[in-house]
1. Can you run down the residue pairs with Cβ atoms below 8 Å, 6 or more apart or on separate chains, where the first is in segment 253-270 and over 12 Å from Asn111 (Cα atoms) and the partner is surrounded by 20 or more Cβ atoms within 10 Å (Cβ to Cβ) and among the basic types (Lys, Arg)?
2. Return the pairs, sorted by first residue and then second, in which the second residue is among the charged types (D, E, K, R) and outside any helix (DSSP H, G or I), the first residue lies in segment 308-334 and is farther than 11 Å from Gly78 by Cβ, the beta carbons are less than 6 Å apart, and the residues are 6+ apart or on different chains.
3. With respect to the numbered conditions (1) under 22 Å from Gly78 (Cα atoms); (2) part of a loop (DSSP other than H, G, I, E, B); (3) not β-branched (Val, Ile, Thr), which one is the sole condition not fulfilled by Leu283?
4. I'd like to check something: does segment 204-212 contain any residue that is surrounded by fewer than 18 Cβ atoms within 10 Å (Cβ to Cβ), over 19 Å from Lys145 (Cα atoms) and modelled with pLDDT under 95?
5. Look at segment 131-158 and say how many of its residues are basic (Lys, Arg) and surrounded by fewer than 18 Cβ atoms within 10 Å (Cβ to Cβ).
6. Return the only residue of Phe123, Phe101 being buried (at least 18 other Cβ atoms within 10 Å of the Cβ) and in contact (Cβ under 8 Å) with a residue 60 or more places away in the chain.
7. With the checklist (1) touching a helix residue (DSSP H, G or I) at 6+ places or on another chain (Cβ under 8 Å); (2) crowded, with 23+ Cβ neighbours inside 10 Å in hand, flag the one item Leu307 doesn't pass.
8. Is at least one residue of segment 32-53 more than 30 Å from Leu333 (Cα to Cα), at pLDDT below 95 and not in a strand (DSSP E or B)?
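The values are calculated or read from the model by the stated rules, or taken from the named source; none is laboratory data. Every value quoted in this text rests on a predicted model; they were computed, and no experiment measured them. Virtual Cβ from ideal backbone geometry, glycine too; neighbours counted across all protein chains shown.
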Amino acid sequence: MSFIYETLLRPALFHLDAETAHHLSIAALKTGAGAVLAPHGAASLPVRVAGIDFPNPVGLAAGYDKNCEAPDALLGLGFGFVETGTVTPLAQPGNPKPRLFRLEADEAIINRFGFNNDGHDAFLARLKARKARGGVVGVNIGANKDSADRIADYVAGVRLFSAHASYLAVNISSPNTPGLRSLQSREALAELLARVMAARPKDHATPIFLKIAPDLPGEELADIAAEVGSNAVDGVIISNTTLSRAGLRSPGAREAGGLSGKPLFDRSTIVLARMRNLVGPGLPLIGVGGVASTATALEKIRAGADLVQVYTGLIYRGPGLANEIASGLSQVLRVRGVARLADLRDEGVDEWASRRLD
């Protein structure tokens with residue numbers, strides 16, 4: 001499937017403007033085209049994390065299906081879970097176009113979307129309409145650009161979606177909403193997490209994960225680990241896109257926005273391993289950034305991840321990627337003679353944590 005996509009379909013898509021191609025892919029999934037492209041029999045590699053049973057540990061990261069338009073079609077591609085959003089209380093157009101750029105020589109993407117989405121009400125209607133179909137569908141919540149109280153926006157998201165989402169991801173790490181990343185500072189984060197966790201309905205103890213940036217200095221990472229522990233957050237997603245441009249070769253490398261894809265892999269994996277050392281073995285961690293193969297997914301697990309997510313890898317490798325990774329991980333277990341991915345987790349934590357961040 002990857003060969004067909006990379007030789008036939010990807011060149012056609014890459015002739016289109018990047019955002020146009022993105023919308024076309026969502027439209028195709030909504031019509032059922034994904035069923036034609038999906039491999040038959042998605043690999044089963046069950047993992048239980050934060051009280052949720054995932055059919056396999058390979059998820060789709062937030063940002064692809066911003067408006068919860070095609071989560072079931074995406075699950076049909078073999079993903080063990082799909083994270084929809086980011087969604088904000090009020091609909092907003094996001095930043096001016098163009099705002100999505102392919103860096104083909106680097107197998108990367110730069111985006112500066114700015115939380116463009118249809119808002120809570122439209123999103124909730126779609127989420128409710130598909131809930132009976134099952135599957136693990138998370139909701140990534142954010143704050144409006146012009147909000148007078150951004151923490152209140154997150155609280156509203158928790159209250160609204162807790163009864164309908166498999167889990168919630170609190171996204172305070174996008175670089176494309178001015179000032180948003182300041183919520184990662186310890187004082188602001190303490191208030192945010194206290195209010196968010198208190199807002200979760202008692203009868204819907206939906207897991208809440210915090211999504212952080214890969215550009216944090218060590219002391220801020222330690223502060224985040226401490227606040228996550230103090231507020232009983234259910235897990236951490238590591239990481240969002242980066243502002244770093246180290247080592248890029250593509251002509252569009254100077255575009256503003258968050259960088260994702262292959263160049264993010266080392267940085268995000270180092271931060272993942274350091275967070276694992278800070279929080280200990282019990283807290284669920286989701287590894288994101290540069291996952292595009294079985295080998296990269298396995299390294300995330302070895303560096304401390306319980307689950308992994310892909311985004312840019314899907315664009316470069318195609319719709320068979322999730323199943324290929326899950327099948328590959330199953331093969332790794334057979335070769336290694338172990339029963340669970342958890343038996344491989346943390347093998348490389350110290351190695352990755354000791355690496356230098358460029």
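1. Final answer for the pair search is Thr269/Lys300.
2. Every condition considered, the pairs that remain are Tyr316/Glu107.
3. Answer for Leu283: the failing condition is (1).
4. yes
5. Restricting attention to segment 131-158, the residues satisfying the condition of being basic (Lys, Arg) are 131, 133, 145, 150.
Next, only the ones that are surrounded by fewer than 18 Cβ atoms within 10 Å (Cβ to Cβ) stay: 131, 133.
Selection size over segment 131-158: 2.
6. Result of the check over Phe123, Phe101: Phe101.
7. With (1) touching a helix residue (DSSP H, G or I) at 6+ places or on another chain (Cβ under 8 Å); (2) crowded, with 23+ Cβ neighbours inside 10 Å applied to Leu307, the lone miss is (1).
8. Yes, segment 32-53 contains at least one residue that is more than 30 Å from Leu333 (Cα to Cα), at pLDDT below 95 and not in a strand (DSSP E or B).
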